[in-house]
Amino acid sequence: MDKNRTNKYEQSLFGFAIQFRVLVCLSLLRLKVSCVSTSFKVTNRSFLALAVPMTLAYISTPLLGLVDTAVIGQLHDAALLGGLAVGAILFDVIGAFFYFLRAGTTGLAAQALGSNNETELRAVLARALLLGVIGGIIVIFVQWPILVIGLPIIGGTEAVQDAASTYFTIRAFSAPFVLANYSILGWYLGLGKAGIGLLIQTFLNLTNMVLSVVFVLGFNWGVPGVAIATFVAEAATLCLGIYLIKRQLKGAPLPTFSQIIIWEKLKPMLALNRDIMIRSLFMLLAFGFFTSRSAAQGEVVLAANAVLEKFILVAAFFLDGTASAAEQVVGQAIGAKQRTAFRKALRLSISWGFGLSFAAAIILWLAGGAVIDLLTTHTEVRETARAFMFWAVLTPIIGTLAFQMDGVFVGATWSADMRNSVVFSSLLFLASYYLLFPIYGNHGLWVALLVFFGVRGITLSYLCVIRERQHFGTLNAATYSVS
């Protein structure tokens, strides 16, 4: 591809990113989302007031991944593109390991809000930040063992592993910032302040996008430029988060050490964190296995599947907006002991989730070819990605129940069921792979991934019915306003 055409792709991508950010910021200015009391109403409007800003925020996260993939793709090296995918998977394992700092904080904060316990609200944030900083420091010290163990498991050529190692080493030093930002975002979502969540994600991803383009295409820093851009963006976002918290508290007393370190409060939080950690780890192991089996088929298939995984991320984060709304409303309903609100949140989450999943699938199917061409200039990678695009497009529909039920279970803090469901689904994923891959090759690998998503949704839906009966029993739901 000649230089002029390459520049057109770069300008098109960067222009789209900036236009998207302008739209997000304008939406933020129009949304007024505030903490709600225990007498709140659950309506389509109130649900969407939470879901819409978070959908915009979550869409921007895979858009960042698209920008990173695109700028590295302009370097015309499949090994660098594959290395970026492998390095991101390794760091995502860490992110998944500490995902409880976002999910658990949201559920606990929402329940504290539902029970009208302001002291516990502040203590939840303090505990999460403490765990996040400690966890981030640990990641910095164990980065080398993670590389030594992780790279051989995922596999790939020497060039792919070199690029992945470079990316991961730089990203590891951003871990304290990343985990602290998880805690802050989770806390604001638990408060029902989706507008603040949108602001935080907008600032993080816009900063990251701009720096990635500048460092890679402007300074020619390659894969290290992408990692450095993320490091700087995470640090800047933490500064923004601390400023917002200071404004939020408005001089309210900070929780004392004795209020933070309470075993009766820490014990359920640690149990919740343990279960979500195991759940998230199995999720990333499944995607890590997917990447490993992609790498075993060669650099071209690895790069093609990495491009198609961006489709899944776009759809997943698109659906996570409604799941986040379910987290907040379900958590508040649990805290306020309101069964009808719980059921309303469940229905709205699933119905809006399926509507969005079909819309996402249609958009991806119609625009898939153009997106693939935008993400890579490698002819063989483009052709291979097109051959398997159907499975990536089908993923949001098959995975809708899993995405939405995650939100319900996080808000209710029914973490053991989330853990058990993902373990069972992972076993069926492996069984499906070993049954289908020898016959259908990469098509079989994609079908096995769909089995993983589908089984998770079905098992969580079944468990949700059981847990609702056990938790609410015969509690009177009539005192909760639903329309």
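For segment 291-302, filtered to residues that are under 23 Å from the mean Cα position of the chain (by Cα) and surrounded by fewer than 22 Cβ atoms within 10 Å (Cβ to Cβ), the residue that is nearest to Phe437 (Cα to Cα) is Arg293. Considering segment 112-175, the qualifying helices (runs of 4 or more DSSP H), each wholly inside and each with 1 or more residues that are over 18 Å from Ile228 (Cα atoms), under 22 Å from the mean Cα position of the chain (by Cα) and among the β-branched types (Val, Ile, Thr), run over 118-141, 143-154.
Can you report the number of residues in segment 351-382 which are within 20 Å of Leu401 (Cα to Cα) and surrounded by fewer than 19 Cβ atoms within 10 Å (Cβ to Cβ)? Steps first, please.
Of all residues in segment 351-382, those within 20 Å of Leu401 (Cα to Cα) come to 351-364.
Keeping just the survivors that are surrounded by fewer than 19 Cβ atoms within 10 Å (Cβ to Cβ) gives 351, 354-355, 358-359, 362-363.
Residues in segment 351-382 being within 20 Å of Leu401 (Cα to Cα) and surrounded by fewer than 19 Cβ atoms within 10 Å (Cβ to Cβ): 7 in total.
Among the residues here, Ala370 qualifies as within 25 Å of the chain's Cα centre (by Cα), free of Cβ contacts under 8 Å to residues at least 40 places away in the same chain and within 22 Å of Leu80 (Cα to Cα). With respect to (1) β-branched (Val, Ile, Thr); (2) surrounded by fewer than 17 Cβ atoms within 10 Å (Cβ to Cβ); (3) within 25 Å of Gly190 (Cβ to Cβ), the lone exception for Ile458 is condition (3). Once segment 186-206 is narrowed to residues that are closer than 16 Å to Ala326 by Cβ and of a type in the set (A, V, I, L, M, F, W, C), the residue that is surrounded by the most Cβ atoms within 10 Å (Cβ to Cβ) is Leu189. Applying the condition of being crowded, with 17+ Cβ neighbours inside 10 Å and small (Gly, Ala, Ser) to segment 433-455 and asking which residue is nearest to Ser357 (Cα to Cα) yields Gly454. Restricting attention to segment 427-442, the residues that are at pLDDT below 95 and within 26 Å of the chain's Cα centre (by Cα) total 1.
The rows are residues; the columns are (1) surrounded by fewer than 23 Cβ atoms within 10 Å (Cβ to Cβ); (2) modelled with pLDDT under 80.
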position: Leu48; (1), (2): yes, no
position: Gly82; (1), (2): no, no
position: Phe91; (1), (2): no, no
position: Ala96; (1), (2): yes, yes
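The values are calculated or read from the model by the stated rules, or taken from the named source; none is laboratory data. The structure displayed is predicted, hence computed values, not measured ones. FYI the Cβ positions are ideal-geometry reconstructions off the backbone, even for glycines, and counts take in every protein chain you see.
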